Amino acid sequence: QVRLVESGGGLVQAGGSLGLSCAASGSVIRLGAMGWYRQAPGRQRELVAQVTSVGVTDYGDSMKGRVTISVDSVEKTGWMLLNDLKPEDTAVYYCNAILTPLHTEIPETYWGQGTQVTVSS
């Protein structure tokens, strides 16, 4: 069974940095793209950052300039570093990836379980 396993997150003071990682497990033959979305209470889920297997990046407006994202297409693992964090960055961060599983050979979108990031003032 293909799934995304997230790690990182936690509590950090305003102005600090935090790293998140996401790894695809199961029989995956290709990673097309990986990224993170976030959702704060009472708000819609929004894009933080995304990177394709060939290194093309896209950033949401909320954290542009404060995020670094990278992916290893062979290891099917991605990393994101959040810098200069603010209390308004507090949210659940969800890993998202386009993966091609071996059993279908059709690209599908997968979501991780989410990890809490809390920024204290």
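All of the numbers you see were taken from the coordinates with simple rules; none came from a lab. None of the values given here were measured: they were computed from a predicted structure. Cβ placement follows ideal geometry from the backbone for every residue including glycine, while neighbour counts extend to all protein chains displayed.
With respect to the numbered conditions (1) under 14 Å from the mean Cα position of the chain (by Cα); (2) closer than 16 Å to residue 94 by Cα, which one is the sole condition not fulfilled by residue 41?
So residue 41 meets the others, but not (1).
Hey, could you check the range 84-121 for residues that are touching a helix residue (DSSP H, G or I) at 6+ places or on another chain (Cβ under 8 Å) and part of a strand (DSSP E or B) and say which is nearest to residue 27 (Cα to Cα)?
117
Out of 58, 72, which single residue is touching a residue at least 12 places away in the same chain (Cβ under 8 Å) and surrounded by fewer than 16 Cβ atoms within 10 Å (Cβ to Cβ)?
Values: 72 fails: touching a residue at least 12 places away in the same chain (Cβ under 8 Å).
From the options 58, 72, the qualifying one is 58.
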